[in-house]
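Enquirer: Let me give you the structure first, and then I'll get to my questions.
What follows is calculated from the coordinates using simple rules that are stated; it is not laboratory data. Quantities reported herein were computed from a predicted structural model and do not represent experimental measurements. Don't worry about glycine lacking a Cβ; one is built from the backbone with ideal geometry, like all the others, and counts go over all protein chains shown.
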Amino acid sequence: MEFTTGALGTLLPKLGKLLKEEYDLQKSVKEGIIFLKTELESIQAALEKVSKVQLDQLDKQIKIWARDVRELSYDIEDNIDTFMLHINDIEPNKKYNFTWLIDKCQKSLSKVKIRHKIANDIKDIKRQVMEVMERHKRYMIDDIATKLPTTIDPRILTLYEKVTKLVGIDKAINKDRYMVLDVSTLSERHMIDELREYLGNRSFRVLRVLALERCNVTGGCCLKHLGKLLHLRYLGLRYTRVAEIPSEIGDLVHLQVLDVLDTWLVTLPVTIGNLRRLMRLYINIRRRALTSVGSLTSLQDLSLGTRCGKLTDLRRIKINWSKKTDEGSLEALVESLRILHKLQNLEIWFPIPLVEYPVMSGWEGWEPARQLRQFCIHNVDLPRLPAWVNSMCVPHLSHLDLRVVGMETRDLDVLAMMPALCFLRIDVKERFSWTVGGGGSFPNLRYCDTNIELTFLQGAMPMLLDVVLIVRGSRDDPANNVGLGNLPLLKKVLILLNCEGETAKQVEEVVVAWEHTVHAHPNRPVISVHRFGEFLMKKDDGDDEEEILATYEVDGSDHEEVLEQVQ
């Protein structure tokens, strides 16, 4: 809908915000804003009605009217954003000498000038809106019959995660020319000339999104003028050769997303602490110099490799730990997470160990928020499943990915009763077997990956789609005993086959048995078998046909049947 109605969806709330006392606008200006808000709401309703009519069935005059309304909505939003930006930037410094009075007077005069300008802007906008409304009545848009909704071009959906995120793309400039532009045939100079011509008349006065991702710029990317993009909300530099962020980034007070993953950065400027509206920060700086990150009080999504105890409003955090995994460091990490009382998603990646996985304790004393949804700790062992992992303490937990040293049957009974759990990957160091009871255990589990020797009873894991099982190559024939037929929605089966200490013949027998069991399932799930530990396999006792025949003759087996099996 935003693609059709322009900026009206975000503009109307901003008009309401201007009416608050903190902006201290004149009475006539407030009346003008109320008028604008009322009229724009009517226009929005009309546009929504127009959007339901197929494009080829719309009158040309109505198309022109809708286009003008969209352009007007963007212009109004730009004016309001500029006003809010300037009025919020004027804050008296806390000084205790005579200069404080001078600064206060100067800033008061500046506020008067800004309010005077917004008053004139409101008058001009009011005139434009009245003209639009006159055309609205003239063309009788309300009499348009609602027909089938227009289908959005699927190519747009593949370029953008959500159509509602598209802003200002309704006017293509030089569309035909640049759609057929073949970059591979251009020289570097020609390409620069083309870009200069294309960007020549564009000032980007209210640029909100700047994505310079995967840019291979010779000598690195220079961002010295970045601080002038005062309206910027999103800055993406992932996989771009950026060695330094200018200190002026602190002037981007509206910035909400900063993505500098996999760049050349070794530090961030201290002025990043001024970005009080920053909600998502993606960074993997190794030489830690993030002393100002703790000032980012709006931060909700963080991906980095450092301590984060000051960021009490974090909802989502992903840590790539590159330090030593000694006991003291791991305990310090857990301690820094204790005060994150709003955390919903926690994911920590440790380096893959060369020998044994280090043991990470301390999680027993951690008190997670009730809204915790994801708890994933990779490449370390926990002594056991934390006691708070249950439906009472974390009822919304949906993703659990852990390695534990030991586990008891009651731990799995608790997991089976968690209503929101849909992804479970758990590896137990000590060999362990368990029967998954019926009666609706794991009611929402879609994915299960474990080395626990499971047996599924009727009614167990009723929603399970994918299962990953680690099995040993033996003659015990576990395939027929696991109970895959009791999983009604099963679609994929991955068998990780441990070949250590087994012969090639035993391994092949196990593979055939699992394939037979899976293919017998009513859903005909896809099965994959991955083998590991093959270099530790034993040699077959009978590598030649004669030894195998002799063995079967002792057992009284038929020679032709044996030959058929060997072949």
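Enquirer: If each residue of separation counts as 0.36 nm, what is the full-extension length gain between SER247 and ASP313 once their alpha-carbon separation is subtracted?
Expert: That works out to 21.3 nm of additional length.
Enquirer: Cross-link list LYS14/LYS37; LYS505/LYS538; LYS17/LYS52; LYS17/LYS37; LYS505/LYS539: which exceed 19 angstrom alpha carbon to alpha carbon?
Expert: Beyond 19 Å between Cα atoms: LYS17/LYS52.
Enquirer: Right, something else. Skipping prolines and chain starts, which residues have an amide H placed within reach, meaning under 5 Å, of the one on ALA211, given they are 5 or more residues away or on another chain?
Expert: GLY236
Enquirer: I want to check the label-to-label distance for PHE35 and SER391. Put each point 7 Å from Cα in the C-beta direction and report it in nm to one decimal.
Expert: 6.1 nm
Enquirer: Add +1 for every Lys or Arg and -1 for every Asp or Glu among the other residues with Cβ under 12 Å from the Cβ of PRO395, and state the total.
Expert: +2
Enquirer: Compute the separation of the alpha-carbon centres of the range 397-471 and the range 331-349 and state it in Å as a whole number.
Expert: Using only Cα atoms to place each centre, the spacing works out to 24 Å.
Enquirer: For GLU331 and THR10, what does the FRET efficiency come to when R0 = 30 Å and r is the distance between their Cβ atoms, rounded to the nearest 0.05?
Expert: With a Förster radius of 30 Å, E is 0.05.
Enquirer: Collect residues whose amide H, placed 1.01 Å from N in the peptide plane, falls under 5 Å from the amide H of MET463; neighbours closer than 5 in sequence don't count.
Expert: So MET463 has HN proximity to LEU445.
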